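Following: one structure in structure tokens, then a few remarks.
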Amino acid sequence: METFIENGSITSPLGFEASGEKCGLKQGDVLDCALIYSARPMTVAAAFTANTFCAAPVVLGKRTIQNGKSVHAVFVNSGNANACTGEQGLSDATKTAGFTAQELGCDRSQVMVSSTGRIGVPLPMKKILDGIERCVKAKHADGGMAAAEAIMTTDTRPKSHAVRFTTVGGREIVVGGMAKGAGMIAPKLKPVVPHATMLAYVTTDAVVDKSYLQFCLNRALPESFNRITVDGDTSTNDTVLLLANGAAENEIIRADSPDAQAFANAVTSVMAMLARDIVLDAEGATKFVRVIVSGAKNEDEAHRCAISIAESPLCKTAWFGGDPNWGRVLAAAGYAEVEIATDQVALDYDDVPVVRNGMDAGVPEAEQEAVLKKDEFTVRLNLATGTAETEVWTCDMSYEYIKINADYHT
């Protein structure tokens with residue numbers, strides 16, 4: 001069983017260094033570039049955005065993963081997405097990786113890059129190269145929190161966690177992670193096998209078989225980042241990297257190892273905590289909402305229905321206002337194009353019955369309102385057509401969300 005590490009970060013595992021520095025990509029005196037580094041080569045598992053207009057760093061990252069090599073570093077800039085920037089964007093991403101490698105003394109293929117920020121603007125390479133120099137000089141075993149701050153865009157706070165567990169052989173394994181994201185959040189991450197954005201980096205000092213490392217990432221995605229939605233917009237830059245440097249020198253963890261389950265659980269735990277943090281820090285959000293759809297024909301239909309409710313502007317604005325307008329929930333389920341026994345449907349807000357057999361359950365609205373005025377609550381819908389169930393995490397939509405996104409470009 002893993003235990004939570006207070007003030008844990010990506011440098012909580014042995015052998016990791018990180019930094020967060022300023023290079024002038026964002027307005028104001030704020031950190032805007034970060035480095036994750038391990039002198040030991042890192043085995044990598046990855047998942048990237050399903051958006052067709054994937055950014056240059058995503059294109060380059062896929063190539064790096066597919067070549068099967070280990071890596072030593074990840075450089076991340078905020079304030080510019082390097083997306084929809086054509087061949088120049090890919091050249092700039094490659095140059096970023098190459099210069100980082102030069103400064104660290106490794107091969108370009110052993111550096112991955114990520115970007116987040118405004119779409120369609122070329123990278124200001126002079127600033128990027130300056131940021132790389134600063135980050136390399138500043139990298140430190142205590143640099144995890146600075147790195148988490150540097151990758152933020154519209155986030156209001158850094159997102160960082162770590163857990164530890166002990167192997168059967170007595171070795172302590174640590175899994176740490178950081179993420180950013182507050183808007184343009186509806187990740188549809190595709191695992192890779194040999195504006196605002198969601199970026200996440202998970203580190204571990206475990207010795208892990210590469211195929212099992214990817215399995216653990218794939219297993220964790222539905223329980224974490226693919227479970228969340230803020231506004232229904234899938235970014236061009238979404239990236240999740242799971243990096244293992246083997247510094248714990250444990251017996252290698254494979255699918256059939258005695259420590260396999262404990263390691264997988266630790267990865268899922270860190271990713272789930274980071275995903276929850278993203279929703280809690282969503283642009284303009286005032287409420288954390290769990291949407292649970294049960295009684296579905298299959299898992300796919302359960303998920304489609306839950307996402308339909310979670311991304312409905314009418315539902316989200318009603319939640320912001322504490323309005324128990326359950327008709328909006330049923331309407332959103334109804335256009336999800338899934339099988340529903342409409343005369344048997346049940347809906348609850350937390351444990352308060354709202355709909356039974358497709359009609360008002362007769363509970364006074366005041367009881368329903370009391371639930372929706374809380375900071376966190378659950379919307380639970382039973383479709384009465386099967387046994388499949390899923391859970392999606394989302395938030396309300398406030399006036400502040402409109403203001404943030406109306407002003408983002410300018």
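The values are calculated or read from the model by the stated rules, or taken from the named source; none is laboratory data. Predicted model only: the values in this text are computed from it and were never measured. A quick note on method: Cβ atoms are made from the backbone with ideal geometry, for glycine too, and the neighbour counts reach across all protein chains shown. The area values use the complete protein model at the heavy-atom level, side chains included, leaving out ligands, DNA and RNA. Shrake-Rupley method; radii C 1.70, N 1.55, O 1.52, S 1.80 Å.
Here are a few things to note about the model shown:
- Residue satisfying all of: in region 303-360; outside any loop (DSSP other than H, G, I, E, B) and polar (S, T, N, Q); surrounded by the most Cβ atoms within 10 Å (Cβ to Cβ) among these: Ser308
- The one condition from (1) within 30 Å of Ala264 (Cα to Cα); (2) open to solvent by less than 40 Å² (accessible area, probe 1.4 Å); (3) in a helix (DSSP H, G or I); (4) in contact with a Lys or Arg (Cβ under 9 Å, 6 or more places away or on another chain) that Ala146 does not meet is (4).
- Ala302 vs. criteria more than 20 Å from the chain's Cα centre (by Cα), of a type in the set (Gly, Ala, Ser) and over 22 Å from Ala47 (Cβ atoms): no
- Residue within region 102-109 that is open to solvent by 10 Å² or more (accessible area, probe 1.4 Å), acidic (Asp, Glu), over 22 Å from Glu17 (Cβ atoms) and in a helix (DSSP H, G or I) present: no
- Thr229 being modelled with pLDDT under 95, crowded, with 20+ Cβ neighbours inside 10 Å and of a type in the set (Val, Ile, Thr): yes
- Taken over region 155-176, residues that are at negative phi, open to solvent by 30 Å² or more (accessible area, probe 1.4 Å) and not in a strand (DSSP E or B) amount to 6.
- Failed item in (1) under 30 Å from Ile340 (Cα atoms); (2) of a type outside the set (Ser, Thr, Tyr); (3) open to solvent by less than 10 Å² (accessible area, probe 1.4 Å), with Val267 passing the rest: (1)
- Residue list for region 192-226, restricted to those being more than 25 Å from Gly144 (Cα to Cα) and modelled with pLDDT under 90: Val192, Val193, Pro194
- Single residue of Ala39, Ala34 found to be part of a strand (DSSP E or B) and open to solvent by less than 10 Å² (accessible area, probe 1.4 Å): Ala34
- When each of Ser160, Ser115 is tested for being of a type in the set (Ser, Thr, Tyr), modelled with pLDDT of 90 or more and closer than 14 Å to Ser78 by Cα, the lone residue that passes is Ser115.
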